[in-house]
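Asker: Take this structure first; my questions come after.
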There are 2 protein chains.
Amino acid sequence: MQKLIEGLIQKNNTKILLVVLDGIGGLPVNSKTELEAANTPNLDELASTSACGLHIPVAMGITPGSGPGHLSLFGYDPVEWQIGRGILEALGLGIELRKTDIAIRANYATVESGIITDRRAGRIPSDESRKITEKLQKKIKEIDGVEIIFAPGMEYRFAIIMRFPNPLPPGSASIKDTDPQKVGNPPLSVTPETPQATKVAKITVKLIPEIFKIIKNEEKANYTLLRGFSQVPDIPHFEALYGLKALCIAVYPMYRGLARLIEMDAPALKGDIKDEINFLKKNYNDYDFFFLHVKKIDSYGEDGNFQGKVSKIEEFDNALPEILALNPDVLIITGDHSTPSALRAHSWHPVPVLLKSPYVLGNTSRAFSERECLKGELGIFHTVNLMPLVLANAGRLKKFGA
Amino acid sequence: MQKLIEGLIQKNNTKILLVVLDGIGGLPVNSKTELEAANTPNLDELASTSACGLHIPVAMGITPGSGPGHLSLFGYDPVEWQIGRGILEALGLGIELRKTDIAIRANYATVESGIITDRRAGRIPSDESRKITEKLQKKIKEIDGVEIIFAPGMEYRFAIIMRFPNPLPPGSASIKDTDPQKVGNPPLSVTPETPQATKVAKITVKLIPEIFKIIKNEEKANYTLLRGFSQVPDIPHFEALYGLKALCIAVYPMYRGLARLIEMDAPALKGDIKDEINFLKKNYNDYDFFFLHVKKIDSYGEDGNFQGKVSKIEEFDNALPEILALNPDVLIITGDHSTPSALRAHSWHPVPVLLKSPYVLGNTSRAFSERECLKGELGIFHTVNLMPLVLANAGRLKKFGA
């Protein structure tokens, strides 16, 4: 599909704005979903003149993580392009990954006489673990010519990046977790699962005792368990595929990191939706495509806070007129997945979407909600098909065939 | 897709009940379909609080047989997993097939001087043909170490099973029908279409004259024509795929046989919907997944008996409260295909489905019918995606990606 699209691309001066309300989809509590309960006059009016529908990020019944959710919004098949857990962890900690990197999720653990007694080092506080991680970085800078980067994380968690001088072949990160997932066992040995992975395995086998030497006298965090070895994927660039110069506007590092994987510009940014919109305005002339990420809606969903999620939706609705004032040629408002507060987690439910452009039917849905979007002209579709539709509405796709 | 699902399975104690109303979908006669004409207060109320939709068993426009219809309900791609006609015939006659079996549909025919004069042996009555088949079984028990099983059928039809000591390689049943499909011709010779099929062909070449020796003096049924040579497929087991201990509740042998192919438990059962529900209750604690098959709705559809189909739907509606009283975590009510009485046959029309769980939107459809399900949150989807959705609603699928 991406191949087909690539061959049909034509450039013009249109502006496309994709607003991702993270985890927007919900489920009814007392008969109304979060979107239905929220007072959203601006979103509702916009929905009534937009193309509406619902999209399925991965497949029916599949609950997507943030990686697959966003990749499919950007038009990448999320089953073909799987982003490893180590990569996402490192991105979330603000590491700017390169194509030559291997990223690993690491836990501090407690080991006594070679046996794991606590896989999370007593949930050591973040400020304590940060100090240990900084000490590691001070003492370990490289192994066999491979740069080693330690990224401090929350509590017992951190990330390790191996930065090789050159990109490694696919399969280089296929190494089993060393975490046996149970206390009372010794850590597992470093086991490569493919011949290509021996290079990374060798570095790992040297790295683990180096770390141990430094932390062995810590009270709790005296060992480290490694999981989710993963490689930066050799994924096509967004601009190369679509001819769109793209800007990511996100305050959470992981989403910027995801955008950078496909070579969107993603400068660091702090603040709330207002700061994001100001940043959008400031950069509006310099890009074709804007990915604006709104995080807090999902966070309240994950906390099971229905009313909190509702109020964050209303906050976005309040800010919407300022976005509309920019008058982008194509405006899409949707989410990367559903996060019903009733479930306190991401879920498999299709995600409401509205697409505003001059070339839609409209007048199918009276509000921006799951049930109203169900009546819309886009139906229920796979998320990966959104980008071609967006490009078409921007006049950026030529006819296929004569 | 099944690979993706398999990697995401997690177990819990939920109960899932899949009710298959065989051939439920219909077409309007005097403006109402069978489901619309039927008085179904219980189904309608359930639909109003369930996720509703329509599913397509194989592909748009394709009319499924019972095999593909059920396989896709169980999450198996019905184009990838094709069950041979010999297999279905043998299953329908109540034979418990093994992985080492080759099954063949057989006709009694009339042959004079080597020429077929009647391909159906004058539609010999079932009790007469049963006697002949039993005589065959008495005299032929094995050929070259391969057990031969004869299964009596209706009128001129029966089935032959070759039970090999070990499973045969794929392609072993690729043998042309010996039935020339026309009278006035001699029977066709036994022709293997692949090198792997020579083993079965050799047995067949010895079997045909053995049969002829025994029946050659019968008045009409003095020869046999063989069709639909097929091999028990090496299909993944339902429990291995989904981690669900599954019970098939069906009174017709073919459906139990289909369930046994994927290693569901499928004990013999007689009676009507009440007996099926009693059986469900009795076994409710011992399984995770229940496939409850209701046959008669389809039979009336095939007979072109609109009112009969309506009354069987109403009979099920009457029994529904007893099913609901079990309070399964996920309840699905649907069909394996449509059988409009207007067509007197299976058809290609999408099949209405409702899915009851705590994690649905609901409130989209006022009744369980083709047109009301069209308004539902599930949209129109491929049947093979039902199982992932069911597993998700049962909390039995982990998140995909981080």
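Asker: All but one of (1) in contact with a strand residue (DSSP E or B) (Cβ under 9 Å, 6 or more places away or on another chain); (2) outside any helix (DSSP H, G or I) hold for B:ASN166; state the number of the condition that does not hold.
Answerer: Condition not satisfied by B:ASN166: (1).
Asker: Just the residues that are over 30 Å from A:ILE102 (Cβ atoms) and within 13 Å of another protein chain (Cβ to nearest Cβ), please, taken from segment A:31-77. Don't jump to the end; show me each part of the working.
Answerer: Taking segment A:31-77 and keeping what is over 30 Å from A:ILE102 (Cβ atoms), we get A:31-56, A:60-61.
A:SER31, A:LYS32, A:THR33, A:GLU34, A:LEU35, A:GLU36, A:GLY53, A:LEU54, A:HIS55, A:ILE56, A:MET60, A:GLY61 - these are the residues of segment A:31-77 that are over 30 Å from A:ILE102 (Cβ atoms) and within 13 Å of another protein chain (Cβ to nearest Cβ).
Asker: Right, something else. Among the residues in segment A:134-156, are any assigned to a strand (DSSP E or B), among the basic types (Lys, Arg) and either over 17 Å from A:THR224 (Cβ atoms) or touching a helix residue (DSSP H, G or I) at 6+ places or on another chain (Cβ under 6 Å) (or both)? Working first, answer last.
Answerer: Filtering segment A:134-156 for residues assigned to a strand (DSSP E or B) gives A:142-143, A:146-152.
Then keep just the ones that are among the basic types (Lys, Arg); that gives none.
No, segment A:134-156 has no match at all.
Asker: Another question, then. Return the only residue of B:PRO192, B:PRO253, B:PRO170 being in contact with a helix residue (DSSP H, G or I) (Cβ under 8 Å, 6 or more places away or on another chain) and within 30 Å of B:THR14 (Cβ to Cβ).
Answerer: Values: B:PRO192 fails: within 30 Å of B:THR14 (Cβ to Cβ); B:PRO170 fails: within 30 Å of B:THR14 (Cβ to Cβ).
Going through B:PRO192, B:PRO253, B:PRO170 in turn, the sole match is B:PRO253.
Asker: Evaluate segment A:93-115: report whether one residue or more is assigned by TED's automatic domain parsing to the domain that holds A:MET264 and of a type in the set (Lys, Arg). So that I can check it myself, show each step before the final result.
Answerer: The first filter runs over segment A:93-115 and keeps only residues assigned by TED's automatic domain parsing to the domain that holds A:MET264, leaving none.
No, segment A:93-115 contains no residue that is assigned by TED's automatic domain parsing to the domain that holds A:MET264 and of a type in the set (Lys, Arg).
Asker: Could you grab me the full set of residues in segment A:235-260 that are of a type in the set (Ser, Thr, Tyr) and under 15 Å from the mean Cα position of the chain (by Cα)?
Answerer: First, pick out the residues of segment A:235-260 that are of a type in the set (Ser, Thr, Tyr): A:242, A:252, A:255.
Answer for segment A:235-260, where residues must be of a type in the set (Ser, Thr, Tyr) and under 15 Å from the mean Cα position of the chain (by Cα): A:TYR252, A:TYR255.
Asker: In addition: Within segment B:1-33, take every residue that is β-branched (Val, Ile, Thr) and either closer than 13 Å to B:GLU372 by Cβ or in a loop (DSSP other than H, G, I, E, B) (or both) and give me the one that is farthest from the chain's Cα centre (by Cα). First the steps, then the outcome.
Answerer: Looking only at segment B:1-33, we keep the residues that are β-branched (Val, Ile, Thr), and these are B:5, B:9, B:14, B:16, B:19-20, B:24, B:29, B:33.
Those left that are additionally either closer than 13 Å to B:GLU372 by Cβ or in a loop (DSSP other than H, G, I, E, B) (or both): B:14, B:33.
On the way: B:THR14: 26, B:THR33: 24 Å.
Looking at residues that are β-branched (Val, Ile, Thr) and either closer than 13 Å to B:GLU372 by Cβ or in a loop (DSSP other than H, G, I, E, B) (or both), I get B:THR14.
Asker: With the requirement that a residue be at the interface with another protein chain (Cβ under 8 Å from one of its Cβ atoms) and in a loop (DSSP other than H, G, I, E, B), what does segment B:388-402 give you?
Answerer: Correct list: B:LYS398, B:LYS399, B:GLY401, B:ALA402.
Asker: Would you check which residues across segment A:348-371 are surrounded by fewer than 24 Cβ atoms within 10 Å (Cβ to Cβ) and in contact with a His (Cβ under 7 Å, 6 or more places away or on another chain) and list them?
Answerer: none
Each row is one residue, and each column tells you yes or no for (1) under 22 Å from A:VAL29 (Cα atoms); (2) without any contact (Cβ under 8 Å) to a residue 60 or more places away in the chain; (3) basic (Lys, Arg).
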position	(1), (2), (3)
B:LEU331	yes, no, no
B:ASP336	no, no, no
B:SER341	no, no, no
B:ALA345	no, no, no
B:PRO350	no, no, no
B:LEU354	yes, no, no
B:ASN363	yes, no, no
B:ARG366	yes, no, yes
B:ILE380	no, no, no
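Asker: Another question about this same structure. Anything in segment B:126-165 that is at pLDDT 95 or above and basic (Lys, Arg)? List them, or say none.
Answerer: B:ARG130, B:LYS131, B:LYS135, B:LYS138, B:LYS139, B:LYS141, B:ARG163
Asker: So is B:ALA342 more than 14 Å from chain A (Cβ to nearest Cβ), farther than 23 Å from B:LEU280 by Cα and in contact with a helix residue (DSSP H, G or I) (Cβ under 7 Å, 6 or more places away or on another chain) or not?
Answerer: Numbers: more than 14 Å from chain A (Cβ to nearest Cβ): yes; farther than 23 Å from B:LEU280 by Cα: yes; in contact with a helix residue (DSSP H, G or I) (Cβ under 7 Å, 6 or more places away or on another chain): no.
So B:ALA342 does not fit the description; no.
Asker: Return yes when A:PRO186 is in a loop (DSSP other than H, G, I, E, B), of a type outside the set (S, T, N, Q) and within 23 Å of A:PRO233 (Cα to Cα) and no when it is not.
Answerer: In short, no.
Asker: Right, next: So, B:LEU374, is that one aliphatic (A, V, I, L, M) and either at the interface with chain A (Cβ under 8 Å from one of its Cβ atoms) or surrounded by 23 or more Cβ atoms within 10 Å (Cβ to Cβ) (or both) or not? Lay out the reasoning, then the answer.
Answerer: On the way: aliphatic (A, V, I, L, M): yes; either at the interface with chain A (Cβ under 8 Å from one of its Cβ atoms) or surrounded by 23 or more Cβ atoms within 10 Å (Cβ to Cβ) (or both): no.
Against the criterion (aliphatic (A, V, I, L, M) and either at the interface with chain A (Cβ under 8 Å from one of its Cβ atoms) or surrounded by 23 or more Cβ atoms within 10 Å (Cβ to Cβ) (or both)), B:LEU374 does not qualify.
Asker: For residues that are in contact with a strand residue (DSSP E or B) (Cβ under 6 Å, 6 or more places away or on another chain) and farther than 16 Å from B:ILE160 by Cα, scanning just segment B:189-220, find the one that is surrounded by the fewest Cβ atoms within 10 Å (Cβ to Cβ).
Answerer: If we take residues in segment B:189-220 being in contact with a strand residue (DSSP E or B) (Cβ under 6 Å, 6 or more places away or on another chain) and farther than 16 Å from B:ILE160 by Cα, then B:THR198 is surrounded by the fewest Cβ atoms within 10 Å (Cβ to Cβ).
Residues are listed down the side, and each one gets a yes or a no for (1) within 14 Å of another protein chain (Cβ to nearest Cβ); (2) among the aliphatic types (A, V, I, L, M); (3) closer than 30 Å to A:LEU354 by Cα; (4) more than 16 Å from the chain's Cα centre (by Cα):
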{"residue": "A:VAL79", "(1), (2), (3), (4)": "yes, yes, yes, no"}
{"residue": "A:GLY84", "(1), (2), (3), (4)": "yes, no, no, no"}
{"residue": "A:ASP101", "(1), (2), (3), (4)": "no, no, no, yes"}
{"residue": "A:VAL111", "(1), (2), (3), (4)": "no, yes, no, yes"}
{"residue": "A:ILE116", "(1), (2), (3), (4)": "no, yes, no, yes"}
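Asker: Yes or no: segment A:117-128 includes at least one residue that is in contact with a helix residue (DSSP H, G or I) (Cβ under 6 Å, 6 or more places away or on another chain) and either without any contact (Cβ under 8 Å) to a residue 12 or more places away in the chain or of a type outside the set (D, E, K, R) (or both). Before the answer, list the steps.
Answerer: Going residue by residue through segment A:117-128, those that are in contact with a helix residue (DSSP H, G or I) (Cβ under 6 Å, 6 or more places away or on another chain) are none.
No.
Asker: Can you work out which of the residues in segment A:1-23 that are surrounded by 24 or more Cβ atoms within 10 Å (Cβ to Cβ) and either of a type in the set (Asp, Glu) or within 14 Å of another protein chain (Cβ to nearest Cβ) (or both) is farthest from A:TYR284 (Cα to Cα)?
Answerer: A:GLY23
Asker: Considering only segment A:192-267, give the helices (runs of 4 or more DSSP H) lying wholly within it that have at least 3 residues that are over 30 Å from A:PHE290 (Cα atoms).
Answerer: On the way: elements: A:198-215, A:238-242, A:253-261.
It comes to A:198-215.
Asker: Considering only segment A:355-378, state which residues are more than 25 Å from the chain's Cα centre (by Cα) and among the small types (Gly, Ala, Ser). Let's see the steps before the verdict.
Answerer: Of the residues in segment A:355-378, the ones more than 25 Å from the chain's Cα centre (by Cα) are A:357-367, A:371-372, A:374-377.
A:SER357, A:GLY362, A:SER365, A:ALA367, A:GLY376, listed by residue number.
Asker: Same structure again: Which residue pairs have Cβ atoms under 9 Å apart, sit 6 or more places apart or on different chains, and have a first residue in segment B:143-154 that is under 17 Å from B:ILE87 (Cα atoms) and in the same structural domain as B:GLU128 (by TED's automatic domain parsing) and a second that is among the charged types (D, E, K, R) and buried (at least 18 other Cβ atoms within 10 Å of the Cβ)?
Answerer: Final answer for the pair search is B:ILE149/B:ASP101; B:ALA151/B:GLU89; B:GLY153/B:GLU89; B:GLY153/B:ARG105.
Asker: If you go through segment A:118-134, how many residues are aliphatic (A, V, I, L, M) and more than 27 Å from the chain's Cα centre (by Cα)? Steps first, please.
Answerer: Step one: list which residues in segment A:118-134 are aliphatic (A, V, I, L, M), which gives A:121, A:124, A:132.
Filter once more, keeping what is more than 27 Å from the chain's Cα centre (by Cα): A:121, A:132.
Residues meeting the conditions: 2.
Asker: For segment B:300-337, name all the residues that are touching a helix residue (DSSP H, G or I) at 6+ places or on another chain (Cβ under 8 Å), among the polar types (S, T, N, Q) and closer than 22 Å to B:THR63 by Cα.
Answerer: Result: B:THR334, single match.
Asker: Pick out, from segment A:280-372, the strands (runs of 3 or more DSSP E) lying fully within it that include 1 or more residues that are charged (D, E, K, R).
Answerer: Once the strands (runs of 3 or more DSSP E) in segment A:280-372 are filtered for at least 1 residues that are charged (D, E, K, R), what remains is A:351-356.
Let's see how each residue does on (1) more than 10 Å from every other protein chain (Cβ to nearest Cβ); (2) under 22 Å from the mean Cα position of the chain (by Cα):
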{"residue": "B:GLU322", "(1), (2)": "yes, no"}
{"residue": "B:THR334", "(1), (2)": "yes, yes"}
{"residue": "B:SER338", "(1), (2)": "yes, yes"}
{"residue": "B:VAL353", "(1), (2)": "yes, yes"}
{"residue": "B:LEU386", "(1), (2)": "no, yes"}
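The values are calculated or read from the model by the stated rules, or taken from the named source; none is laboratory data. Just so it is clear, the structure is predicted and the values come from calculations on it, not from any experiment. Positions of Cβ are backbone-derived with ideal geometry, glycine not excepted, and every protein chain shown enters the neighbour counts.
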